[in-house]
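Written out below as structure tokens is the structure these notes cover.
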Protein chains: 2
Amino acid sequence: MRLKQYLPFLEWLPGYRRDILVSDLVAAVIVTIMLIPQSLAYALLAGLPAQVGLYASILPLVFYALFGTSRTLSVGPVAVASLMTAAALGAIAEPGSPEYIGGAVLLAVMSGLMLVAMGVLRLGFLANFLSHPVISGFITASGVVIAASQLKHILGVQASGHNLLDIGGTLLANIGDTNLPTLLIGSGALVFLLFARKKLKALLALAGVTGRFADIVTKTAPILAVVVTTLLAWGLGLDQQGVKVVGTVPAGLPQLTLPTMDLAVWQQLALGALLISIVGFVESVSVGQTLAAKRRQRIDPDQELIGLGAANLSSGFSGGMPVTGGFSRSVVNFDAGAETPAAGAFTAVGIALATLFLTPAIAYLPTATLAATIIVAVSTLIDFPALLRTWRYSRTDFVAMLATIVLTLGHSVESGIVAGVALSIGLFLYRTSRPHSALIGRVPGTEHFRNVLRHQVETRPELAMLRVDESLYFANARFLEETVMELLSKQPALQDVVLVCPAVNLIDASALESLEAINERLVDAGVRLHLSEVKGPVMDRLRDTEFLRHLGGQVFLSSYEAWQTLSRPRQAAA
Amino acid sequence: MRLKQYLPFLEWLPGYRRDILVSDLVAAVIVTIMLIPQSLAYALLAGLPAQVGLYASILPLVFYALFGTSRTLSVGPVAVASLMTAAALGAIAEPGSPEYIGGAVLLAVMSGLMLVAMGVLRLGFLANFLSHPVISGFITASGVVIAASQLKHILGVQASGHNLLDIGGTLLANIGDTNLPTLLIGSGALVFLLFARKKLKALLALAGVTGRFADIVTKTAPILAVVVTTLLAWGLGLDQQGVKVVGTVPAGLPQLTLPTMDLAVWQQLALGALLISIVGFVESVSVGQTLAAKRRQRIDPDQELIGLGAANLSSGFSGGMPVTGGFSRSVVNFDAGAETPAAGAFTAVGIALATLFLTPAIAYLPTATLAATIIVAVSTLIDFPALLRTWRYSRTDFVAMLATIVLTLGHSVESGIVAGVALSIGLFLYRTSRPHSALIGRVPGTEHFRNVLRHQVETRPELAMLRVDESLYFANARFLEETVMELLSKQPALQDVVLVCPAVNLIDASALESLEAINERLVDAGVRLHLSEVKGPVMDRLRDTEFLRHLGGQVFLSSYEAWQTLSRPRQAAA
């Protein structure tokens, strides 16, 4: 049982049959075709040599197949993680330098270690720090930054920077250097890919090809763009006319690579690795859960941490870069019929074969083509209307989202996400610091009690009944103290306060101290504190405490009982 | 109204009468007598010249009287803040050096700016970060470190460090240098003060003196110890025999002092200033609320931030050190009959007179006496049994408390409190990340529904009714996703899921996205999602959302209505 939890392949491998093998193989072939241009493109986006993207698409897929719990998640380099990689490495070295390439290895290893540690310690809940509005804003802004960063390849000019301002500025400064053949290749590929995405399906439908197969054909359009533009560049010798091509890529499988042991570099990359880990994890789990639900399967988020961690460790040790689950690729894998993670392992074999035999063919691949595939891929990530939807639903969430977008676009991915998380937690703590509570009174002639502000109810100046609608802890305990103190100062005839607790699931040690303080202060003021409707498990924990021994009043089973008892003259009740 | 909120003295000053004046004056005299040795002692504890303690007890009291909301809180140097001051300054300069003294000024100014900013932005809730167990563990451990740090003065030896290990180690290394006259003075004062604290009240009672007056007499014992040992030191020329005395203290009122503008120093002291601010604020509010309750008054925590901030700013600009509300002094002030903050302002006049005229008399005051007053004062802060009480009540709170104590004792006050806060928030987020929820079923023959695990209830394999017992937000939204996905994978006949929401007060944007994701995934799996018992305000916000438009099922008013409707054959219900 426990073993299966940590080695999820024990679940599906024993029942592996020939028909599953066929399904997985078909999916693997399709995903391989899709992954080759993607892995090259995302290496380019990260500022790394093309082969690093291929290396990151071999072992990680095998290790995820062993340790991951999603049956269909396709792991490898993805756009947002590649941008974050570039941003983290840009602070420590020049793109393409040995330190830069070594930094990518270290980022993958650190990210792997962090993910595995979080998985073993079952810290997956930490991902909750990333609220939906923050992650959604972050991905939109990242998509914009990524698309902007690729324009230089389409135009064939120099540009640099990791935010929209820097990229835009350097791009405008150099736009006069635009290389026409590059622009033709790049914009041609862009138009073709956009056409494939928007219209090809409709055309295929006219030709009688529909459903999954049509979907898959449209998703493999990038490989066609790669093949055609590579042949063009080779045939016309475009590299002699200023068209930048991928160039010679070393053939052969990745070698064992060890990360630097320079602790200063570890420290510099720590925040970047943490953010890549958490963003990647949140996205993977979200894709994985969506796909799993379609087949009534389930993924285990804590084990996902271990699966993604193992994938990143293997990526680092084989000279790769940070990896995570990709959305579009996983959907293709799912739609193409993948049934088990073995499809991922077979994809790894496909990429390994490409690394061994296809690298000479890649030499003439124009980077403009790769940039076009990136731009088209990230265009689906950009969702500005989400800002409007969030604004309509919740102003506080909107603030966190907007801050994330503005900082990601205007400063850096790291500051964007850190600000978003800090704001979300701040707003969350602010919100939870004011527990819902209401003064209640008796609905005349009944045993029911309702909010005095919303209903016509009986109340008495010597008695205040305060219904607490949430668990009491740490974050909101002091607010309760203030609420009761305010009651005390505003209701001069007050003799009894009843805390009505039907929705209190937990009273932590801080809240217990607050209750003690409230009780002491009320005793000092000659007022008795009572409780009513305390849930069983909460009462069990309270029973052994000083608080209950010192309680000025009593514990009532119902509000009505409290009302009745405390309505008698005080001498009789005491 | 608004003006009164920011200038609370407008509340009490117009009604100021002669009898209140008399009460306030009496209290001011008593507090002045108590504050003189305390202010000298806490300056010593912070590693500062004696007069800095006096300076910090003049203007801050006046400014707190203008801006603070507690009628009886006595502001000035306190033990824990002085230890934290020493710890923060120890990292940047040698005790007694001009940089060190300037650092104390800067700490007070920064702390004042932070407090005022938090007050204006109404960020008082941030103090909730400091859970009761963390603050209680921190104060216990600080008390131990403070007492240990004062032993060197009692023995007349050298010792240094800001944690128990360093202090203990250096103390043991130098214990051979113990100075006998110093030890006699120090231990004599210690025994006398302990006697005054434990037995004097009983003796006074025998002599017919009881109640408040007896309390106050016992609390002014330190001034007697100061007077007697000063006279002894002067009369016997003990300073010639190795007894360390306060020495020449410049007479005269404090001068306007400006903090350094060296930003590197600001940066180095920022964390220290923040922690001093928050710890001081939490302690002040707690003392203030306790005293206010006794007279059915109330304090406004956000305005308290402004009051304490103004006090610290004035302390810094007049060459003082960080100040906050002191517990024992405030109790004496209250017991002596102080009725308005004017008592604090009168105390300031008393200290100013002392600074002008008494400083020559202080020259022969042995530091051993001051150390004895500190040790006796902090002995009341130490509460190790609280560890046991917390252990019994809540293991998670115990962990945070223990970590705070161990790190404060073994490493530093800053690491202790930071670790405690980080652990509390982590544990809090962990706890809130799993909302209470229960699968419910129908109590046979009734319209009531109960937890399937605790009651004998009817359930059906096509229907799952999940009661959510807490608000849905950010921190727990993903857990709900997982809970529903687990249901889906475990209940193969499932056709309908009802989320029963009687305790849901809020659904934030993250939770809304999760509900949308749950709905989509259920639709993909051929299952309908329904809601029931949604509260009015929650329903109002949901009404305009995509979620409700895409909802696979319906919104029921009651669980019984859901049960009835969904019990019909599916074709009929759909």
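The values are calculated or read from the model by the stated rules, or taken from the named source; none is laboratory data. Fair warning: this is a prediction, and the values are worked out from it, not measured in the lab. Using ideal geometry, Cβ is built from the backbone for each residue, glycine included, and neighbour counts are taken over all protein chains shown.
One table, with the values for the structure above:
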| quantity | calculated |
| --- | --- |
| Unmet criterion (only one of (1) over 18 Å from the mean Cα position of the chain (by Cα); (2) touching a residue at least 60 places away in the same chain (Cβ under 8 Å); (3) under 30 Å from A:PHE125 (Cβ atoms)) for A:TYR393 | (2) |
| Check on A:SER559, among the polar types (S, T, N, Q), within 48 Å of the chain's Cα centre (by Cα) and under 18 Å from A:GLN495 (Cβ atoms) | yes |
| Given (1) closer than 30 Å to A:LEU10 by Cα; (2) surrounded by 15 or more Cβ atoms within 10 Å (Cβ to Cβ); (3) away from chain B (no Cβ under 14 Å), number of the condition A:LEU256 does not satisfy | (2) |
| Residue pairs meeting the criteria (Cβ under 7 Å; at least 6 apart or on separate chains; first within 9 Å of chain B (Cβ to nearest Cβ), in region A:119-135; second buried (at least 21 other Cβ atoms within 10 Å of the Cβ) and in a loop (DSSP other than H, G, I, E, B)) | A:ASN128/B:PHE474; A:ASN128/B:ALA475; A:SER131/B:PHE474 |
| Any hit, region A:336-346, residues being surrounded by fewer than 23 Cβ atoms within 10 Å (Cβ to Cβ) and farther than 21 Å from A:ARG212 by Cα | yes |
| Qualifying residue in region B:182-199 (condition: in contact with an Asp or Glu (Cβ under 7 Å, 6 or more places away or on another chain), hydroxyl-bearing (Ser, Thr, Tyr) and either part of a helix (DSSP H, G or I) or surrounded by fewer than 16 Cβ atoms within 10 Å (Cβ to Cβ) (or both)) | no |
| Filter result for the condition that a residue is under 30 Å from A:GLN495 (Cα atoms), in contact (Cβ under 8 Å) with a residue 24 or more places away in the chain and not aromatic (Phe, Trp, Tyr), over A:ARG431, A:ARG454, A:ARG460 | A:ARG460 |
| Every residue from region B:449-482 that is surrounded by fewer than 18 Cβ atoms within 10 Å (Cβ to Cβ) and of a type in the set (Ser, Thr, Tyr) | B:THR459 |
| One residue from B:ASN174, B:ASN163 being surrounded by 21 or more Cβ atoms within 10 Å (Cβ to Cβ), more than 14 Å from chain A (Cβ to nearest Cβ) and not aliphatic (A, V, I, L, M) | B:ASN163 |
| Residue match in region A:2-25 (condition: buried (at least 20 other Cβ atoms within 10 Å of the Cβ), modelled with pLDDT of 90 or more and not assigned by TED's automatic domain parsing to the domain that holds A:LEU224) | yes |
| Number of positions in region B:63-88 that are out of contact with any Ser or Thr (no Cβ under 7 Å at 6 or more places or on another chain) and among the hydrophobic types (A, V, I, L, M, F, W, C) | 7 |
| Residue match in region A:39-55 (condition: surrounded by fewer than 24 Cβ atoms within 10 Å (Cβ to Cβ) and aromatic (Phe, Trp, Tyr)) | no |
| Qualifying residue in region B:149-158 (condition: over 19 Å from B:VAL80 (Cα atoms), touching a residue at least 12 places away in the same chain (Cβ under 8 Å), within 29 Å of the chain's Cα centre (by Cα) and assigned by TED's automatic domain parsing to the domain that holds B:LYS244) | no |
| Any helices (runs of 4 or more DSSP H) falling wholly within region B:483-574 and containing at least 1 residues that are polar (S, T, N, Q) and over 19 Å from B:ARG442 (Cβ atoms) | B:509-524, B:570-573 |
| Pairs where the first residue, in region B:544-565, is in contact (Cβ under 8 Å) with a residue 12 or more places away in the chain and on the phi < 0 side of the Ramachandran plot and the second is of a type in the set (Val, Ile, Thr) and buried (at least 18 other Cβ atoms within 10 Å of the Cβ), C-beta under 6 Å, 6+ apart | B:SER559/B:VAL500; B:ALA562/B:VAL498 |
| Failed condition for B:HIS436, given (1) within 30 Å of B:CYS501 (Cβ to Cβ); (2) crowded, with 18+ Cβ neighbours inside 10 Å; (3) of a type outside the set (D, E, K, R) | (2) |
| Region B:479-508 residues that are in the same structural domain as B:VAL452 (by TED's automatic domain parsing), paired with ones that are aromatic (Phe, Trp, Tyr) and in a loop (DSSP other than H, G, I, E, B) (beta carbon under 7 Å, 6 or more apart) | B:LEU506/B:TYR473; B:ASP508/B:TYR473; B:ASP508/B:PHE474 |
| Residue check, A:PHE281 closer than 16 Å to A:GLY112 by Cβ and either within 14 Å of chain B (Cβ to nearest Cβ) or under 17 Å from the mean Cα position of the chain (by Cα) (or both) | yes |
| Among (1) among the basic types (Lys, Arg); (2) over 30 Å from B:ASN179 (Cβ atoms); (3) at pLDDT 90 or above - the single one B:LYS244 does not satisfy | (2) |
| Residue match in region A:520-528 (condition: away from chain B (no Cβ under 11 Å) and surrounded by fewer than 23 Cβ atoms within 10 Å (Cβ to Cβ)) | yes |
| Failed item in (1) surrounded by fewer than 20 Cβ atoms within 10 Å (Cβ to Cβ); (2) touching a residue at least 60 places away in the same chain (Cβ under 8 Å), with B:ALA372 passing the rest | (1) |
| Residues located in region A:452-482, provided they are in a helix (DSSP H, G or I) and facing another protein chain (nearest Cβ under 9 Å) | A:ALA477, A:ARG478, A:PHE479, A:GLU481, A:GLU482 |
| Residues of region B:88-142 satisfying the condition of being of a type outside the set (S, T, N, Q), in a loop (DSSP other than H, G, I, E, B) and surrounded by 20 or more Cβ atoms within 10 Å (Cβ to Cβ) | B:LEU130 |
| Hits in region B:146-173 - residues which are under 22 Å from B:THR380 (Cβ atoms) and among the charged types (D, E, K, R) | B:LYS152 |
| Output for region A:381-419, where each listed residue is more than 12 Å from chain B (Cβ to nearest Cβ) and touching a Phe, Trp or Tyr at 6+ places or on another chain (Cβ under 7 Å) | A:THR404, A:THR408, A:GLY416, A:ILE417 |
| Region B:485-506 - residue that is touching a helix residue (DSSP H, G or I) at 6+ places or on another chain (Cβ under 9 Å) and more than 9 Å from chain A (Cβ to nearest Cβ) and, of those, nearest to A:ARG295 (Cα to Cα) | B:GLN495 |
